[in-house]
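Below is one structure; the comments refer to it alone.
The values are calculated or read from the model by the stated rules, or taken from the named source; none is laboratory data. A quick note: this is a predicted structure, and the numbers were derived from the prediction, not measured. Don't worry about glycine lacking a Cβ; one is built from the backbone with ideal geometry, like all the others, and counts go over all protein chains shown.
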Amino acid sequence: MARRPAGPSPRDGGRRGRMNAAVGAIAPDAATSPKAPTPKPAPPPADPNLVLMGEFGRAHGLTGEVRLKSYAAEPRAIAGYGALLTADGRTLTLAEVRPAPGTSPDMLIARVKGVSGRSAAEALNRVALFIPRDRLAAPEDEDEVYAADLIGATAVDETGTVIGTIVAVPNYGGGDLLELRSPNGGATALLPFTKAFVPVLDVAQRRVTVVAPQDLFAPPGEKPADDPG
C-alpha cells in the first residue's frame, strides 16, 4: 500500500508506492470520476537535482499568510525541511503551517519568515518550492517514486498512445491517485496509483503506462429518475 510517513524522515518527501490491489478492489465510481479542471502544475526546475515540495496559492487574510499545496508525504512535514528554494534562486523558510479549511489534506495555510501583509503574500502566488534531491533518501524499490517525479509526466496506454498528463497525485484517504488532464483539455480525471492501473513506471523518461477505461474523461451522465442521491 502507499507509504505516507509523518515528519521529514528518510521515507518522506512525497514518496508514493503503488498498491498491488486488483482492479476489482477499487470503487469504480470514485476511481475514474472526472472532476473540475485543476490548475496546471508548476514547471519543472531547470536543475533536475531539485525536487518539488510545494507551491504557493493565493493570499489568505490580511496578515501575510498564504495558501500552500504540499507534496510532502505528510503535508505539514514541509515546514520541517528548513530553507526551501525557488526556481529563481530565492530561499524561503516556512515559519508555521496549519491545515487549510476544506477536505483536501495537502492544502495548508502557511506563514513565511519575512513575509507580512497581504501584498507580500500575493506576490508568492504560483511560486514553487524545491529542495535538493540529495536531502532525500532514494526510493527503496521500483514501486516507490516521489510525487514530484510523477507530476508533469506523460501517461500513455499499452500501445503508446498519449492518454494525458499527470497534474497531481492526491490522496483522499483511500490510497494515492493520479489526476490526469486530457490532451484535449477539459475536466481532469482520477486513476488509482496501483499496479493494476499503472503497470509501468519510467521515471527517467517521465512517462507512465496506464490501463484506463475508454470513458475516463467522459462527463458524468444524468442520474436515473429513481436515483435517491
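Observations on the model:
- Qualifying residue in segment 93-103 (condition: at pLDDT below 95, farther than 30 Å from L177 by Cα, hydroxyl-bearing (S, T, Y) and not assigned by TED's automatic domain parsing to the domain that holds V145): no
- Any hit, segment 117-128, residues being more than 16 Å from T63 (Cα to Cα) and touching a strand residue (DSSP E or B) at 6+ places or on another chain (Cβ under 6 Å): yes
- Out of S182, S116, one residue alone is assigned by TED's automatic domain parsing to the domain that holds V66, over 18 Å from L85 (Cα atoms) and surrounded by fewer than 20 Cβ atoms within 10 Å (Cβ to Cβ). It is S116.
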